[in-house]
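Asks: Quick one: the structure is below, questions incoming.
Every number in this text was worked out from the coordinates using simple rules, so none of it is lab data. It should be emphasised that the depicted structure is a prediction, and the values quoted were computed from it without experimental measurement. Using ideal geometry, Cβ is built from the backbone for each residue, glycine included, and neighbour counts are taken over all protein chains shown.
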Amino acid sequence: MTEMLYCFTVDDIALDGYSTEAHLEALLGFWSQEALRATLFVVPRCGGQGLGERPGYLQILNQAHRQGHDLAQHGLDHDRFEWGIPPKMILDLPHEGPAREYLATQRPAIEAALSVANLRSRLREGRAILEAALGLPMRGFRAPCLSICDHLFEALAAEGYAYDSSRHLQEAGWDILNGKSPIVPRPITRAIFDGFQRHTFRELPLTAEYTWYLRRPQYEVTLRLAQQDFDACLAAGIPFVPVCHVSPIQEGDPDLGFQFHRELLAHARSRCQRAGVALVPATLAEATTRWSPTA
Ligand SMILES: [Zn+2]
């Protein structure tokens, strides 16, 4: 391996409550400063309003595309159960009370709605909204809330997506958010990554969300985890894919989310230098074509 791909990703673009235009513009500024290439997962429809009806976002997203970032699809309406059932660690989060209650009473109906045919139709609906609004082909997908099921992957393959990033590698990131202690990192290995490559599209799993309303008391333990995850990805020869959310990365303690990523990047650069490997900022679309399973 001669290069290590660093794929910064951001979720929930245009999802009210977790995204504002000002926060998205601040992220663009951060990526310019740090010479990062990012993948932006855009919510096609929020509260019934399609992205095409949001001129402010369209302007910023077109600018992001011109700057070399990748735009990809984040679900359809960002419903918890649109693509599967979120894992327990997500449903355990303090703000997921309504989702827990809904699941407790509606599980059979939720599961019945997750047919390949339904999922293909939702994929097409979301993709059409984004492609019409942005004038760009959507090649990548990430499910909201890590909600996945086998039928989703069948549907993504049938619809010809080039990559998916709905899976995750580091559950301990959510242990921190759920207040667990001690934090025990799960192993990240090439075998786990390779086990995900079962379809016609490339699966590029994210590691974890490290900057969800990040506060000073959690900074050190979270940074240690992220650094360890980077080292594990480097050792496994797989792309490093952290995820953040448009507003939450900026609504913890002031500037802490960006400071976190600056410090993480410094760690990544020094590790790569020591290993004699080039650290290459890349979008997930680039990782799909550039990263080779045999490298
Ligand atoms: Zn989301």
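Asks: Averaging sequence separations of C-alpha pairs under 8 Å and six or more residues apart, then dividing by the length of the chain, give the relative contact order as a whole percent.
Replies: So the answer I get is 27 percent.
Asks: Which values, in whole Å and largest first, are the semi-axes of the equivalent ellipsoid of the chain obtained as the square root of 5 times each eigenvalue of the Cα gyration tensor?
Replies: 27, 22, 21
Asks: Suppose every K and R has +1 on its Cβ and every D and E has -1 on its Cβ; what is the size of the dipole of the chain about the Cα centre, in Debye to the nearest 20?
Replies: For this selection, approximately 620 debye.
Asks: Over the Cα atoms of segment 151-192, how large are the radius of gyration and the largest Cα-Cα distance (Dmax), in Å?
Replies: Taking only Cα atoms of segment 151-192, I get Rg and Dmax of 14.8, 42 Å.
Asks: Here's something else I'd like to know. Quick one: compute the contact order of segment 62-169, relative version, from alpha carbon pairs under 8 angstrom and 6+ residues apart, as a percent.
Replies: Value for segment 62-169: 38 percent.
Asks: With charges only on Cβ, +1 for K and R and -1 for D and E, what is the dipole size of segment 66-203 about its Cα centre, in debye, rounded to 20?
Replies: Dipole about the Cα centre, nearest 20: 260 debye.
Asks: Are there trypsin sites (Lys or Arg not before Pro) in segment 192-283 that DSSP marks as loop and that have at most 13 other Cβ atoms within 10 Å, and which are they?
Replies: Answer in residue order: R198, R215.
Asks: Which of L284, T222, P137 sits closest to the plus end of the dipole of segment 3-290, meaning its Cα is farthest towards the positive end, when Lys and Arg get +1 and Asp and Glu get -1 on the C-beta?
Replies: Projecting each Cα onto the dipole axis, the largest value belongs to L284.
Asks: Could you let me know the centre-to-centre spacing of segment 182-200 and segment 42-65, using Cα atoms, in angstrom?
Replies: 33 Å
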